[in-house]
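**Student:** My questions will all concern the structure given below.
The values are calculated or read from the model by the stated rules, or taken from the named source; none is laboratory data. Everything quoted here is computed from the prediction, not taken from an experiment. Reconstructed Cβ throughout: ideal geometry from the backbone, glycine too, with neighbour counts over all protein chains shown. Note: areas computed on protein heavy atoms with side chains; ligands, DNA, RNA excluded. Shrake-Rupley method; radii C 1.70, N 1.55, O 1.52, S 1.80 Å.
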Amino acid sequence: MDDKMEELYMPSKWVIRVPVEQAVPLHVKVTIEESKRVRSNVRGRLGVKYGPETGDVVDMFNEECSSKQVVVYLSGGYWQELSGDISAYTVAPLVSAGHCVAVVNYARAPEQDMGGIVGQVERAGAWLVRYAKERGLSVWLAGHSAGSHLCAMLLSSGWYQGLPHQDRNIVRGVIHLSGVFDLLPILSTSVNFPLKMTRLDAEMFSPLQQGNMDRLVTAKHLQHWVVVGENDSPAFKEQAEKYVGELEGRGCQVAFTVQPSEDHFSLVERLMEDQYSLTKQVLAFINTGSVSC
């Protein structure tokens, strides 16, 4: 294990608002409490099956969907922690704005490897595109950390590339919240212990890998918004900047935001707040397809 990489890819080490050792327990507490509140109080269908496997479930909120927009959320946990049933913490302001929200569950490592996780999210994506098509809705993807990585992989997948043009256009854009786009540095950290990725795996499942970028950029209609916290790890900031640079260099529609004062965890924890500046920008992005600064 590389000690320098370990520190750079442990976002809790860079949190300054609370003691380092409290950052992850606090994040779990906040997300559990808000998700429990949402699941109890916001109208929805919980545990809807999107595929044949036990963990192939999605929680659907506000299916009346007056806005005709579905926001699909994938949480993080570096592909091994958290779960879909404690990831409804972003739901309330989106539902208040009239959007349908789909919180996707996926089985984490060591239950399955990276290939299995990516394949499971593709099953979710296929189900959600069909769901939206049947109802005349548009889809926006959003993911935090590992969830952002999975959004990127979904949009660079052979499945998405192979969709008819009109079906690809159902997905209008993606919000990357402190995402991971290059997995090679992960190989030398403890994050990889349960994943057991090889170098070939890390290259294959890196959104920045050239083949993945080549497939992604064939969908020029997509709006990409990459967000990172001011107090996130330098590694996450660097990855975000590199991904934005690749998208810009290939003529994609992309915006980049460094959210003042926020860290890897508070960046998304506060999305439960109506008056949080990033919440307001997310709602504006979904409505207009552009970032209002």
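**Student:** Could you check segment 107-117 and list, in sequence order, the residues that are part of a helix (DSSP H, G or I) and open to solvent by less than 10 Å² (accessible area, probe 1.4 Å)?
**Tutor:** Listed by number, the residues that qualify are Met114, Ile117.
**Student:** Right, another one. Looking only at helices (runs of 4 or more DSSP H) that fall completely inside segment 174-293, which ones have 1 or more residues that are more than 16 Å from the chain's Cα centre (by Cα), modelled with pLDDT of 95 or more and under 25 Å from Thr90 (Cα atoms)?
**Tutor:** Result: 234-249, 277-288.
**Student:** Of a type in the set (Phe, Trp, Tyr), assigned to a helix (DSSP H, G or I) and in contact with a Gly (Cβ under 9 Å, 6 or more places away or on another chain) - does that describe any residue in segment 65-82?
**Tutor:** no
**Student:** Can you tell me which residue in segment 21-49 is least open to solvent (accessible area, probe 1.4 Å), limited to those that are among the charged types (D, E, K, R) and part of a helix (DSSP H, G or I)?
**Tutor:** Among them, the one singled out is Glu34.
**Student:** Please give the number of the condition Glu53 fails out of (1) without any contact (Cβ under 8 Å) to a residue 40 or more places away in the chain; (2) surrounded by 15 or more Cβ atoms within 10 Å (Cβ to Cβ).
**Tutor:** The number of the failed condition is (1).
**Student:** Name the residue, out of Asp274, Asp263, that is among the acidic types (Asp, Glu), in contact (Cβ under 8 Å) with a residue 40 or more places away in the chain and surrounded by 14 or more Cβ atoms within 10 Å (Cβ to Cβ).
**Tutor:** Exactly one of Asp274, Asp263 is among the acidic types (Asp, Glu), in contact (Cβ under 8 Å) with a residue 40 or more places away in the chain and surrounded by 14 or more Cβ atoms within 10 Å (Cβ to Cβ), namely Asp263.
**Student:** Among the residues of segment 130-162, write down those that are open to solvent by less than 30 Å² (accessible area, probe 1.4 Å) and more than 18 Å from the chain's Cα centre (by Cα).
**Tutor:** Tyr131, Ala132, Leu137
**Student:** Now a separate question. Evaluate segment 181-202: report whether one residue or more is farther than 29 Å from Met10 by Cα and either open to solvent by 10 Å² or more (accessible area, probe 1.4 Å) or out of contact with any strand residue (DSSP E or B) (no Cβ under 7 Å at 6 or more places or on another chain) (or both). Talk me through it step by step, then tell me what you get.
**Tutor:** If we filter segment 181-202 for residues that are farther than 29 Å from Met10 by Cα, which is where we start, we get none.
No, there is no match, as no residue in segment 181-202 is farther than 29 Å from Met10 by Cα and either open to solvent by 10 Å² or more (accessible area, probe 1.4 Å) or out of contact with any strand residue (DSSP E or B) (no Cβ under 7 Å at 6 or more places or on another chain) (or both).
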